[in-house]
Ligand code: SF4
């Protein structure tokens, strides 16, 4: 995997140092102090979590926010939690990930052709960021998108990621309003900037344990993303 470009390094540094949202920063640091019983021997990352992946990515995978005991603990998106345990084996099967498991930042996992980020970079209480916190974090996504110049497909995991990305497009003047784009699992649009937008249910335990989202449904979206990105099947 190529090294991060200077512009991606700048974005990553800015995210890690960000303290715009006092509520979220306090929550993440508190979680890092208290910790879950299973992780008492670990030092939590407890900082904003930057994006991760291939700087030449054609597919952007956009989630909601770090998990309190997942990415907020490990410092890498979808690493060390149930959502990642569901997602990475499928990304591995489809060639996007070098390994099927993501356990910690230094586990050697690499992404090919994909970049993973979220609309909010700090774990929110109850997985529910406030609207002003989503707005505060939007500039990080804008900067990341500007640095990821090869993106062709954006896969939004869940409605909040979908709405957050559309808000970004409105701010950038790419679309006039969000209402023309309805979120659904498998929803697919071509945006005026020629990017493909795909909707996918979030691989949270709430969805995967209840059968709302299964592996076949999830894989289907990423097979389509792979096709649209021009990767060979
Ligand atoms: S959620 Fe985003 S804007 Fe808010 S403190 Fe974290 S990184 Fe900064």
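Read the figures in this text as sums done on the coordinates, not as results from a lab. Predicted model only: the values in this text are computed from it and were never measured. So basically every Cβ, Gly included, is an ideal-geometry build from the backbone, and we count neighbours across all protein chains shown.
Only bridges with both residues in the range 6-229 count here: give the DSSP antiparallel percent, nearest 5. Mind dumping the intermediate values first?
Numbers: 6 of 20 bridges.
Antiparallel bridges: around 30 percent, rounded to the nearest 5.
Highest mean packing first, where packing is the average number of other Cβ atoms within 10 Å per residue, the peptides 46-55, 218-227 line up as 46-55, 218-227.
GNM on the chain, C-alpha springs below 10 Å: top fluctuator among 16, 216, 174? Per the Cα network of the chain with a 10 Å cutoff, 216 tops the list.
For the range 80-233, what does the alpha-carbon gyration tensor say about shape, rounded, prolate or oblate, given a ≥ b ≥ c as the root eigenvalues, a/c under 1.5 as rounded, and a/b over b/c as prolate? Because its axes are fairly even, with a/c under 1.5, the range 80-233 counts as rounded. Averaged over residues, the count of other Cβ atoms within 10 Å places the peptides 78-89, 126-137 in the sequence 78-89, 126-137, highest first.
Starting from the Cα gyration tensor of the range 80-148, take the square roots of the eigenvalues, sort them a ≥ b ≥ c, and report rounded, prolate or oblate (rounded when a/c is under 1.5, otherwise prolate if a/b is larger than b/c, else oblate). Kindly include the intermediate steps, with their values, before the conclusion.
On the way: a/c = 2.62, a/b = 1.55, b/c = 1.69.
Taking the square roots of the gyration eigenvalues as a ≥ b ≥ c, the range 80-148 is oblate.
Each residue, residue 184 and residue 37, gets one label point 7 Å from its Cα in the Cβ direction; the gap between the two is 4.4 nm. Computed extension gain for residue 191 through residue 227, at 0.36 nm per residue and net of the alpha carbon distance, reaches 11.3 nm.
Taking the average, over residues, of other Cβ atoms within 10 Å as the packing measure, peptides 101-109, 202-210 rank 202-210, 101-109 from highest down.
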